């Protein structure tokens, strides 16, 4: 798995709003890139709702949210619509993004529950891993962002 200080692998995907998203286009801002196993499962729904309900708070702390799972784009977009999610959700059924971040469970071939905080310069700043305690991802993200404010842009 990637480590703190590593360059975050770049990728391009289309989110559920039909917008092409290239990770490197978000340079200059922090990115909260979180991987979750499967849309519509109980734990993943709870985790995504927590991020959804705190999306504006995360933005106010200077970060962009991007969620990824190995679902197809169609399933991911159905999930985003049903759960009223407005941050970028990406379907990675090719598993290219998941492989680049080394988050796939062996044999199961689904994503581990891992969150990467990516610094404005594109390096991995912090990594959060909790498989079962799904609320810990949001809690740890908020704690980290508050304890390590991003320097002002410019």
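The values are calculated or read from the model by the stated rules, or taken from the named source; none is laboratory data. The model shown is predicted, which means the values in this text are computed figures rather than measured ones. Every residue, glycine among them, receives a Cβ derived from its backbone with ideal geometry; neighbour counts consider all protein chains shown.
For residue 16, are the conditions met, namely being touching a helix residue (DSSP H, G or I) at 6+ places or on another chain (Cβ under 7 Å), in contact (Cβ under 8 Å) with a residue 24 or more places away in the chain and closer than 21 Å to residue 95 by Cβ?
Details: touching a helix residue (DSSP H, G or I) at 6+ places or on another chain (Cβ under 7 Å): yes; in contact (Cβ under 8 Å) with a residue 24 or more places away in the chain: yes; closer than 21 Å to residue 95 by Cβ: yes.
For residue 16, the condition - touching a helix residue (DSSP H, G or I) at 6+ places or on another chain (Cβ under 7 Å), in contact (Cβ under 8 Å) with a residue 24 or more places away in the chain and closer than 21 Å to residue 95 by Cβ - is met.
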Could you tell me whether segment 60-67 includes any residue that is out of contact with any helix residue (DSSP H, G or I) (no Cβ under 9 Å at 6 or more places or on another chain), outside any strand (DSSP E or B) and either under 24 Å from residue 5 (Cβ atoms) or in contact (Cβ under 8 Å) with a residue 12 or more places away in the chain (or both)? no
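Is it true that residue 148 is at pLDDT below 95, surrounded by 12 or more Cβ atoms within 10 Å (Cβ to Cβ), closer than 17 Å to residue 31 by Cβ and out of contact with any strand residue (DSSP E or B) (no Cβ under 6 Å at 6 or more places or on another chain)?
Numbers: at pLDDT below 95: yes; surrounded by 12 or more Cβ atoms within 10 Å (Cβ to Cβ): yes; closer than 17 Å to residue 31 by Cβ: yes; out of contact with any strand residue (DSSP E or B) (no Cβ under 6 Å at 6 or more places or on another chain): yes.
Answer is yes for this residue.
If you take the residues in segment 27-55 that are under 17 Å from residue 87 (Cβ atoms) and free of Cβ contacts under 8 Å to residues at least 60 places away in the same chain, which one is surrounded by the fewest Cβ atoms within 10 Å (Cβ to Cβ)? Before you say what the answer is, go through the steps one by one.
Step one: of segment 27-55, the residues under 17 Å from residue 87 (Cβ atoms) are 29-36, 39, 44-55.
Still in the list and also free of Cβ contacts under 8 Å to residues at least 60 places away in the same chain: 39, 45, 48-49, 52-53, 55.
Details: 39: 23, 45: 17, 48: 25, 49: 15, 52: 18, 53: 11, 55: 15.
The qualifying residue surrounded by the fewest Cβ atoms within 10 Å (Cβ to Cβ) is 53.
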In segment 12-51, what residues are assigned to a loop (DSSP other than H, G, I, E, B) and farther than 23 Å from residue 143 by Cα? 15, 16, 17, 18, 19, 37, 38, 39, 40, 41
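Determine, yes or no, whether residue 32 is at pLDDT below 90 and either farther than 18 Å from residue 93 by Cβ or within 14 Å of the chain's Cα centre (by Cα) (or both). Steps first, answer last, please.
Numbers: at pLDDT below 90: no; either farther than 18 Å from residue 93 by Cβ or within 14 Å of the chain's Cα centre (by Cα) (or both): yes.
Considered against the rule, which asks whether it is at pLDDT below 90 and either farther than 18 Å from residue 93 by Cβ or within 14 Å of the chain's Cα centre (by Cα) (or both), residue 32 comes out as no.
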Going through segment 68-78 in order, the residues found to be within 20 Å of residue 31 (Cα to Cα) and either more than 15 Å from the chain's Cα centre (by Cα) or part of a strand (DSSP E or B) (or both) are 68, 69
Out of all the residues in segment 105-121, which are crowded, with 16+ Cβ neighbours inside 10 Å and more than 14 Å from the chain's Cα centre (by Cα)? 110, 120
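Residue-wise test of (1) in a helix (DSSP H, G or I); (2) within 22 Å of residue 10 (Cα to Cα).
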| position | (1), (2) |
| --- | --- |
| 56 | yes, no |
| 80 | yes, no |
| 89 | no, yes |
| 107 | no, no |
| 128 | no, yes |
| 143 | yes, no |
Within segment 122-138, work out how many residues are surrounded by fewer than 15 Cβ atoms within 10 Å (Cβ to Cβ) and either closer than 18 Å to residue 72 by Cβ or modelled with pLDDT of 95 or more (or both). 1
Determine whether segment 2-19 contains at least one residue that is within 14 Å of residue 115 (Cβ to Cβ) and loosely packed, with under 15 Cβ neighbours inside 10 Å. yes
